[in-house]
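The structure appears below as structure tokens.
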């Protein structure tokens with residue numbers, strides 16, 4: 001009976017848990033924000049796990065901040081809550097809507113309620129963000145500039161609450177501008193609408209590269225705001241050990257616009273250098289008394305404030321065909337400050353006079369557009385007087401390819417010159433279809449295989465050779481010993497008697513062992529027969545070998561070694577048998 | 001099997017082989033024809049002055065998995081003409097890894113480098129003289145030469161062990177020396193490409209920061225086409241070194257990687 005009651009209670013409890021219907025709810029932490037401020041959207045799913053679709057939110061930029069889960073048991077009923085958190089940044093001002101968000105739960109779709117957010121209209125810097133802890137502004141030093149005229153853009157991030165870190169969530173875009181950023185950011189405090197703010201200021205020097213209405217920015221900055229977090233569910237111990245929690249907040253600085261107008265048409269003498277700002281030109285030469293074939297260094301320095309990096313070599317007003325000019329790479333030194341870009345660019349050229357005489361170099365001029373005066377200004381350097389004396393005989397320069405002169409021996413006074421580039425351009429494309437044949441690079445694995453495999457092949461081949469030779473080597477050794485014995489017999493000659501016959505005998509015995517692939521020193525002719533039969537030798541051949549062995553033995557022990565002709569016959573027969581046995 | 005059976009078997013085999021060839025070769029021929037057309041279209045765009053389109057077409061071929069130094073050279077040309085100096089130098093450098101001795105590539109790369117605003121740190125001429133083969137041969141050739149020397153070494157060693165007459169000992173030593181030179185060179189190349197990958201600055205000007213944020217202090221500025229060594233990567237930033245003493249962090253998207261082996 002007790003068991004029945006327990007089972008019933010367990011079933012009832014399980015049923016109550018399963019009976020809970022899933023619910024979805026969307027909430028925001030604030031319903032009114034200023035432009036550039038963010039708000040937090042939380043979608044809560046109770047009683048189930050689901051997936052939230054936020055693609056329907058059009059009026060805000062949405063950044064997911066993750067999920068959290070909460071499980072609680074109340075009166076025996078277990079409930080589970082999953083929270084999806086998002087940071088929303090409004091894209092415009094006015095009354096913006098967060099539409100009902102579909103949440104997919106096990107194939108079923110539930111919807112949250114629609115939420116309305118009021119984004120207050122911007123009333124100017126003094127009024128903007130009146131009650132905001134955080135805001136950001138992009139401001140420009142000019143509303144209208146000329147093409148090439150530099151100006152300053154300042155991105156200011158204001159915070160009235162402590163902030164531990166700032167990073168660009170979306171860095172400002174300066175399309176149509178050349179941008180230089182100041183090395184260090186400025187930090188200062190200011191008061192806006194009676195509230196004290198700490199300001200971080202990022203300074204950019206912008207130089208427009210095209211005309212029209214251009215935008216600087218916008219930018220989105222993520223700030224880690226320090227605040228005490230008293231959210232529900234945190235234990236007192238968390239508050240003790242972790243009293244502050246940085247909360248991520250997004251602030252947006254809207255784009256600032258500037259109108260870029262084209263420069264007025266240039267109709268003065270000379271040519272416009274492309275520089276906009278305020279500049280000066282200095283020209284120097286290190287030597288004014290030269291000889292033909294000598295050299296001097298001409299330096300032209302363009303100095304000032306503006307787009308100095310775009311400075312090009314001023315026009316060289318030099319007497320034609322009097323000087324050879326070798327230009328060097330320009331050197332520039334530029335500083336970026338809150339006032340803009342300033343510095344100098346120095347152009348150097350080596351001058352080699354070709355003819356004697358007195359020359360005036362320059363005056364050299366530089367035409368730039370002065371923004372303050374709103375007109376083109378031409379600066380000129382003082383002309384430089386240069387005297388070129390005739391060269392010494394060794395360094396005489398012939399300008400003409402002279403033929404043979406009358407009454408004079410033909411000599412070559414041509415001064416050799418280094419061949420220099422008169423122009424440069426790219427070599428053309430490689431048009432052959434072999435350009436699209438795949439030639440993948442070699443990997444480390446392939447390299448190791450190429451290095452390692454030959455060694456492995458070597459070891460395998462060596463093992464095979466050693467194994468194959470095992471049987472052979474005995475035969476070869478015995479064959480070599482047989483030949484050695486035969487040589488000995490030949491050397492001793494038939495008159496040596498017993499030693500000679502001994503050598504012949506050994507020669508045949510070793511040859512038979514060689515054929516059998518075995519080692520041995522002595523052999524009866526019965527044993528010889530057996531060995532040769534095993535190796536498949538013909539009966540006639542075996543008879544020949546055995547007969548020879550018998551004949552030698554008889555000669556050895558019968559004392560018939562003295563006959564030279566017989567010895568000769570034995571020698572020849574032995575040689576023939578050894579040859580046939582060891583091949 | 002009689003003659004008739006043999007002929008029937010042979011005919012069946014031929015039919016099967018033809019079918020296999022048709023099903024495998026035709027798609028590959030069709031695929032190759034498509035690549036040829038793409039390539040020729042890219043060349044035509046380049047010659048008509050459509051450099052951006054040509055660069056995109058060459059890039060598509062490279063992204064399809066084709067590794068070819070000449071294709072990379074063409075990419076360098078197209079990007080240079082399109083005004084993207086950083087990308088041009090990046091692709092020229094990639095091509096140089098595969099065609100180190102190509103004179104046209106060397107010229108174009110040198111020409112493109114003349115437009116780089118930053119003065120590049122000078123490379124050691126002593127190293128280039130002492131280890132000249134490292135700058136003349138591609139990594140592939142170096143590895144193959146090491147492999148060939150290795151194989152030859154073991155062939156000669158085997159001959160000495162097994163056959164007569166034996167090759168002289170100095171021959172073995174010479175082959176071993178050649179193998180060591182190329183094997184060590186290849187190993188050093190792999191190590192340097194993996195441990196110290198190189199990159200090229202892509203945008204016109206890049207602010208090199210002290211930390212992993214655009215709000216960090218600017219340390220120095222590098223311009224398009226400057227070559228850097230990549231020492232570390234974190235989040236979406238690289239820590240780069242320019243010259244001996246200039247180190248800082250820049251966003252990964254602003255650096256084009258040169259090394260082919262990483």
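The values are calculated or read from the model by the stated rules, or taken from the named source; none is laboratory data. As the structure is a computational prediction, the values presented were derived from the model and not from experiment. Note that each Cβ is placed from the backbone with ideal geometry, even for glycine, and that neighbours are counted across all protein chains shown.
If the condition is being touching a residue at least 12 places away in the same chain (Cβ under 8 Å) and within 20 Å of residue A:463 (Cβ to Cβ), then the range B:145-171 contributes B:150, B:153, B:156, B:157, B:160. Considered as a group, the residues in the range A:268-296 that are closer than 30 Å to residue A:341 by Cα and more than 49 Å from the chain's Cα centre (by Cα) include one that is surrounded by the most Cβ atoms within 10 Å (Cβ to Cβ), and that residue is A:268.
From A:475, A:485, which residue is assigned to a helix (DSSP H, G or I), touching a helix residue (DSSP H, G or I) at 6+ places or on another chain (Cβ under 7 Å) and at pLDDT below 90? It would help to see each step written out before you state the result.
Numbers: A:485 fails: at pLDDT below 90.
Selected residue: A:475, the only one of A:475, A:485 that is assigned to a helix (DSSP H, G or I), touching a helix residue (DSSP H, G or I) at 6+ places or on another chain (Cβ under 7 Å) and at pLDDT below 90.
Scanning the range B:186-208 for residues that are within 10 Å of another protein chain (Cβ to nearest Cβ) and in a strand (DSSP E or B) turns up B:205, B:207.
For the range A:459-471, the set of residues classified as more than 7 Å from chain B (Cβ to nearest Cβ) and either at pLDDT below 90 or in contact with a strand residue (DSSP E or B) (Cβ under 6 Å, 6 or more places away or on another chain) (or both) consists of A:463, A:464, A:466, A:467, A:468, A:469, A:470, A:471, listed by residue number. If the condition is being facing chain B (nearest Cβ under 9 Å) and either farther than 30 Å from residue B:62 by Cα or in a helix (DSSP H, G or I) (or both), then the range A:438-458 contributes A:444, A:446, A:447, A:449, A:450, A:451, A:452, A:453, A:454, A:455, A:457, A:458. Entry remark, the range B:51-90: residues being within 10 Å of another protein chain (Cβ to nearest Cβ), in contact (Cβ under 8 Å) with a residue 12 or more places away in the chain, over 18 Å from residue B:112 (Cα atoms) and surrounded by fewer than 24 Cβ atoms within 10 Å (Cβ to Cβ) number 6 in total. Among the residues of the range A:166-186, those that are within 11 Å of chain B (Cβ to nearest Cβ) and in a strand (DSSP E or B) comprise A:166, A:167, A:168, A:169, A:170, A:177, A:178, A:179, A:180, A:181. Within the option set A:515, A:480, being within 14 Å of chain B (Cβ to nearest Cβ) and surrounded by 13 or more Cβ atoms within 10 Å (Cβ to Cβ) holds for one residue only, A:480.
Candidates in the range A:18-57 are the residues that are within 45 Å of the chain's Cα centre (by Cα) and without any contact (Cβ under 8 Å) to a residue 24 or more places away in the chain; of these, the one that is surrounded by the fewest Cβ atoms within 10 Å (Cβ to Cβ) is A:55. Taking the range A:428-437 as the range and being assigned to a helix (DSSP H, G or I) and either under 24 Å from the mean Cα position of the chain (by Cα) or in contact (Cβ under 8 Å) with a residue 12 or more places away in the chain (or both) as the test, the residues that pass are A:435, A:436.
Taking the criterion of being without any contact (Cβ under 8 Å) to a residue 24 or more places away in the chain, outside any strand (DSSP E or B) and within 14 Å of chain B (Cβ to nearest Cβ), would at least one residue in the range A:306-316 satisfy it?
Among the residues of the range A:306-316, not one is without any contact (Cβ under 8 Å) to a residue 24 or more places away in the chain, outside any strand (DSSP E or B) and within 14 Å of chain B (Cβ to nearest Cβ), which makes the answer no.
Quick one: in the range B:133-178, which of the residues that are over 28 Å from residue B:99 (Cα atoms) and part of a loop (DSSP other than H, G, I, E, B) is farthest from the other protein chains (Cβ to nearest Cβ)? Applying the filter and picking the extreme gives B:168. Given the structure, is residue B:127 within 12 Å of chain A (Cβ to nearest Cβ) and part of a helix (DSSP H, G or I)? Judged against the criteria, residue B:127 is not a match. For the range B:103-124, a residue qualifies if it is more than 9 Å from every other protein chain (Cβ to nearest Cβ), in contact (Cβ under 8 Å) with a residue 40 or more places away in the chain and under 20 Å from the mean Cα position of the chain (by Cα), and exactly one does: B:113. For the range B:30-50, a tally of residues being within 18 Å of residue B:82 (Cα to Cα), in contact with a helix residue (DSSP H, G or I) (Cβ under 7 Å, 6 or more places away or on another chain) and within 11 Å of chain A (Cβ to nearest Cβ) returns 4. Within the range A:117-155, the only residue that satisfies the criterion of being surrounded by fewer than 17 Cβ atoms within 10 Å (Cβ to Cβ), part of a strand (DSSP E or B) and at pLDDT below 90 is A:118. Quick one: residue A:373 ticks every box in (1) within 24 Å of residue A:261 (Cβ to Cβ); (2) buried (at least 17 other Cβ atoms within 10 Å of the Cβ) except a single one, so which number is it? All conditions are met except number (2).
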